[in-house]
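Following: one structure in structure tokens, then a few remarks.
The values are calculated or read from the model by the stated rules, or taken from the named source; none is laboratory data. Being a predicted model, the structure only gives us computed values, none of them experimental. Quick note on the areas: whole protein, heavy atoms, side chains included, nothing else; ligands and nucleic acids left out. Shrake-Rupley method; radii C 1.70, N 1.55, O 1.52, S 1.80 Å.
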Amino acid sequence: MGRRKRLEKEMILEASAQLAEERGMEHFTLSELAQKLGVKPPSLYNHLNGMDQLSEELAYYAINQLEAVVQKAAVGRSGKAALYEIADAYRLFALQNPQLYSVILKLPQYEPPVIEEGRNMMQVLYRVLEPYHLNQDELRTFARAYRSAMHGFVSLEQAGFFLSEPERKTSYERLIGMILQFLPQEEGAEK
């Protein structure tokens with residue numbers, strides 16, 4: 001008699017993310033997920049109530065993946081160097097994981113724990129911006145402009161608007177540079 005495969009939530013989410021990237025989030029079923037995991041479909045119901053819960057869990061997983069990438073980019077850097085690295089990591093994540101990225105963009109429709117995780121990711125950005133001593137309004141405005149620039153560029157890039165890779169990367173870096181010009185001089189930085 002064969003051994004039963006022990007399912008864990010992380011295994012389910014990793015397999016779901018793979019299926020989402022291969023086929024699109026809306027184009028796979030729990031039966032296909034079970035097949036990918038090598039289990040019978042009812043086994044999934046020990047961990048999930050259905051596709052709606054899987055979608056929400058996948059959003060939580062995706063935001064955690066993006067947060068890890070952004071944190072890694074910021075580690076050991078400060079100021080504008082960290083912000084350039086975060087922007088680059090954000091772009092690469094979105095380009096390499098378009099389906100997970102699209103799930104993140106649906107964040108406002110999910111339950112509070114998932115939304116809160118999205119806010120936690122923003123704390124990385126806020127910590128990097130601390131040396132600029134922005135007031136709450138300036139911080140919120142800058143964060144929105146920065147995120148909007150990254151998202152807008154990535155969305156157009158994913159849609160196929162920018163054809164040449166070297167110029168795309170250069171254009172993206174210049175766009176981020178333009179946004180960063182709005183930051184005041186870092187305290188203690190040479191003028």
Query raised in the report: Helix by helix, which DSSP H runs in the chain go 30 Å or more along their axis at the Cα atoms and have an average Kyte-Doolittle hydropathy of -1.0 or more?
Result: 51-74, 136-158
Requested in this report: Would you kindly state how much longer the chain becomes between residue 81 and residue 136 on full extension, computed as 0.36 nm times their sequence separation minus their alpha carbon distance, in nm to one decimal?
Outcome: 17.6 nm
**Report entry** the chain - accessible surface per residue (Å², probe 1.4 Å)
**Finding:** 60
Report task. Would you calculate a helix-derived [θ] at 222 nm for the chain, using -39,500 (n - 2.57) for each DSSP H run of n ≥ 4 and dividing by the full residue count, to the nearest 500? Result -> -22500 deg cm²/dmol
Requested in this report: Just tell me which lysines come within less than 26 Å, Cα to Cα, of residue 9; anything on the same chain fewer than 8 places away is out.
Outcome: 36, 40, 72, 106
Query raised in the report: To the nearest Å, what is the center-to-center distance of the stretch 50-102 and the stretch 26-46, using C-alpha atoms only?
Result: 26
Report summary line: Semi-axes in Å, largest first, for the chain (Cα gyration tensor, √(5λ)) are 37, 19, 14
Requested in this report: Please work out how much length the chain gains when fully extended from residue 92 to residue 148, using 0.36 nm per residue of separation minus the C-alpha to C-alpha distance, in nm with one decimal.
Outcome: 18.6 nm
Requested in this report: Quantify, in whole percent, the carbon and sulfur part of the accessible surface of the chain (1.4 Å probe; protein heavy atoms only).
Outcome: 50
Requested in this report: Pull out the extension gain between residue 64 and residue 32, defined as 0.36 nm times the separation in residues minus the alpha carbon to alpha carbon distance; nm, one decimal.
Outcome: 9.1 nm
